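Following: one structure in structure tokens, then a few remarks.
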Amino acid sequence: MNFFLRGAVVLTCDGTTPDRPASVHVENGQIAAILPPSAPAPNGAEIVDIEGLFLLPGFVQTHTHLVQALFRGLADDLALLDWLSTRIWPLEAAHDAESVYWSARLGLTELLLSGTTAILDMATVHHTGSVFEAAAESGIRAAIGKAMMDRDNEAGLSESTDQALQSSVDLAAEWHGKGRLRYAFAPRFLPSCTDDLLRETSKIARARECLIHTHASETQAEVEMVRALTGQDNVVALDALGLTGPDVVLAHCIHLSEEERDILVRTGTQVAHCPSSNLKLGSGIAPIPALIDAGVRCSLGADGAPCNNRMDMFTEMRLAALIQASREGPGVLPARTVLQMATADGADTLGLETGRIEVGRPADLVAVDPNAIHAWGGGDPAGTLVYAMTPGAVRSVWIAGEARVRDGSVVGWSTEETLQGCTKALSRVRGHAGV
Ligand SMILES: [Zn+2]
């Protein structure tokens, strides 16, 4: 592939270069050159005219659940522990390999259409191979892991410690490093996992250079459960079991003691912030400005469709900024910082080279149209993106220079077929789950 994106306003998200009109040459999947807008196209490059659009790095979401996309609307108006036990666990337990595929395809379609090009995803206990298959078809960059659960679970989702470990190791052997896919070991959260499982996970994940992905300190009720189980605060317990470090991504981290914050800083543990999910489940508001000031890398994720109920980065960016403005005052988490969290910081969290528009980096790019009535205006393009834009602004998405969204449609998948597959799968799963 060899093409020339001509005439956009380029937001490099590299933290230093100002936004500017420029043209970008993409060759062999990489950004080959960033040239003045009037520069002629390099020899042989196909010209793609994107004048008047913003060109930015693809969004990176560091906490999603593709297996739950099928369950949007089935678990509204509940707090986390009821949300899990009365809806999400029974529905996940009723999933089959085919329904997981359609759920993942539905979620991936929404993610791509709204400009997300890389994710860190937690699947459920079974049929994780179907998530990998859908991700491989979609072309997205993804680190995916089955949810590990070895404590008793009323929906029957739990396994033995050995089963949870062995099936994770088998999936890692099959998928880690295959194309744009990687394996990420994913203990669900501390109350679902024994100490043995968590301790072993830290060893086997590191031996394979895989990320570790779990939930922590999402609600006060969860914090109390962890104290009852371990006698410790959540992050303190995880740290003692080896589940902290720069290769660990903790989703949420809302209710943290001073000691837990210090552990995150000292160990380089990374935080995935999910503002929509936190607000909808009434979990609380994570202290993101304080964590960033202390040196903790924080990025963004939509979490699952049943707790959001959207999966686009525009919603997460807007809410991330607004809830901190409400809590600590406008400007405490400015639009430019939020855009950085959604791109470069997310990519760094996952150890990807993407997330910035720089020569030599992979061409994971999104072209968005700022000329919609609801987004049109002057000022900082980061403000337009974070506060005004919606997913409908996305015109084109490239991953490693391959077009994955063109003129507002996903390349390679029929939306009609996706919805038909989801309709049949949902009816079957709901029948089995009784939800
Ligand atoms: Zn989650």
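Only one of the listed residues (Ala433, Ala403) is open to solvent by less than 70 Å² (accessible area, probe 1.4 Å) and closer than 21 Å to Glu358 by Cα. That residue is Ala403.
Taken as a whole, the condition of being farther than 21 Å from Val368 by Cβ and either in contact (Cβ under 8 Å) with a residue 40 or more places away in the chain or within 16 Å of the ligand (Cβ to nearest atom) (or both) does not apply to Asp312. Which residue is nearest to the ligand (Cβ to nearest atom), if the candidates are limited to segment 122-138 and must be touching a residue at least 60 places away in the same chain (Cβ under 8 Å), of a type outside the set (Ser, Thr, Tyr) and open to solvent by less than 10 Å² (accessible area, probe 1.4 Å)? Only one residue fits best here, namely Met122.
Quick check on segment 225-241. Is at least one of its residues surrounded by 24 or more Cβ atoms within 10 Å (Cβ to Cβ) and part of a loop (DSSP other than H, G, I, E, B)? Walk me through it before giving the result.
Filtering segment 225-241 for residues surrounded by 24 or more Cβ atoms within 10 Å (Cβ to Cβ) gives 234-235, 238.
Next cut, part of a loop (DSSP other than H, G, I, E, B) only: none.
Within segment 225-241 (the criterion being surrounded by 24 or more Cβ atoms within 10 Å (Cβ to Cβ) and part of a loop (DSSP other than H, G, I, E, B)), the answer is no, since none of the residues qualifies.
When Ala372, Ala367 are screened for being farther than 26 Å from Gly145 by Cα and modelled with pLDDT under 95, only Ala372 passes.
Take the conditions free of Cβ contacts under 8 Å to residues at least 40 places away in the same chain and among the hydrophobic types (A, V, I, L, M, F, W, C) and apply them to Val359. Does it pass? Against the criterion (free of Cβ contacts under 8 Å to residues at least 40 places away in the same chain and among the hydrophobic types (A, V, I, L, M, F, W, C)), Val359 does not qualify.
Taking Ile357 as the residue in question, decide whether it is β-branched (Val, Ile, Thr) and touching an Asp or Glu at 6+ places or on another chain (Cβ under 8 Å).
On the way: β-branched (Val, Ile, Thr): yes; touching an Asp or Glu at 6+ places or on another chain (Cβ under 8 Å): yes.
When the stated conditions are applied, Ile357 passes them.
Kindly provide the set of residues from segment 170-195 that are without any contact (Cβ under 8 Å) to a residue 40 or more places away in the chain and either assigned to a strand (DSSP E or B) or open to solvent by 30 Å² or more (accessible area, probe 1.4 Å) (or both), ordered by number.
From segment 170-195, those without any contact (Cβ under 8 Å) to a residue 40 or more places away in the chain are 170, 172-173, 176-177, 189; that's our starting set.
Within segment 170-195, Asp170, Ala173, His176, Gly177, Phe189 qualify.
Looking at segment 1-94, the strands (runs of 3 or more DSSP E) lying wholly inside it that each contain 1 or more residues that are within 24 Å of the chain's Cα centre (by Cα) and closer than 26 Å to Met389 by Cα sit at 2-10, 30-35, 54-57, 59-64.
Return the residues of segment 291-309 that are more than 16 Å from the ligand (Cβ to nearest atom) and either part of a loop (DSSP other than H, G, I, E, B) or buried (at least 24 other Cβ atoms within 10 Å of the Cβ) (or both); say none if nothing qualifies. Walk me through it before giving the result.
Residues of segment 291-309 more than 16 Å from the ligand (Cβ to nearest atom): 291-297.
Within segment 291-309, Gly295, Val296, Arg297 meet the criteria.
Can you give me the number of residues within segment 242-259 that are open to solvent by less than 10 Å² (accessible area, probe 1.4 Å) and either more than 15 Å from the ligand (Cβ to nearest atom) or not small (Gly, Ala, Ser) (or both)?
Of all residues in segment 242-259, those open to solvent by less than 10 Å² (accessible area, probe 1.4 Å) come to 243, 245, 248-253.
Going one step further and asking which of them are either more than 15 Å from the ligand (Cβ to nearest atom) or not small (Gly, Ala, Ser) (or both), we end up with 243, 245, 248-250, 252-253.
Looking only at that region, the number is 7.
Go through segment 356-400 and count every residue that is among the aliphatic types (A, V, I, L, M), within 17 Å of Val338 (Cβ to Cβ) and open to solvent by 60 Å² or more (accessible area, probe 1.4 Å).
Here is the first cut: in segment 356-400, the ones among the aliphatic types (A, V, I, L, M) are 357, 359, 363, 365-368, 372-373, 375, 382, 385-386, 388-389, 393-394, 397, 399-400.
The next check asks that each one be within 17 Å of Val338 (Cβ to Cβ); those that pass are 366, 368, 375, 382, 385-386, 388-389, 393.
From what is left, the residues that are open to solvent by 60 Å² or more (accessible area, probe 1.4 Å) are none.
The number of residues fulfilling the criteria is 0.
A Cβ distance below 9 Å, combined with a sequence gap of six or more or placement on separate chains, defines the contacts here; from segment 260-277, residues that are open to solvent by 30 Å² or more (accessible area, probe 1.4 Å) reach residues that are aliphatic (A, V, I, L, M) and within 16 Å of the ligand (Cβ to nearest atom) in the pairs Gly268/Val248.
The values are calculated or read from the model by the stated rules, or taken from the named source; none is laboratory data. Quick caveat: nothing in here was measured; it's all calculated off a predicted structure. Please note: Cβ atoms are built from the backbone with ideal geometry, for glycine as well, and neighbour counts cover all protein chains shown. Note: accessible area is taken over every heavy atom of the protein model, side chains too, but ligands, DNA and RNA are not part of it. Shrake-Rupley method; radii C 1.70, N 1.55, O 1.52, S 1.80 Å.
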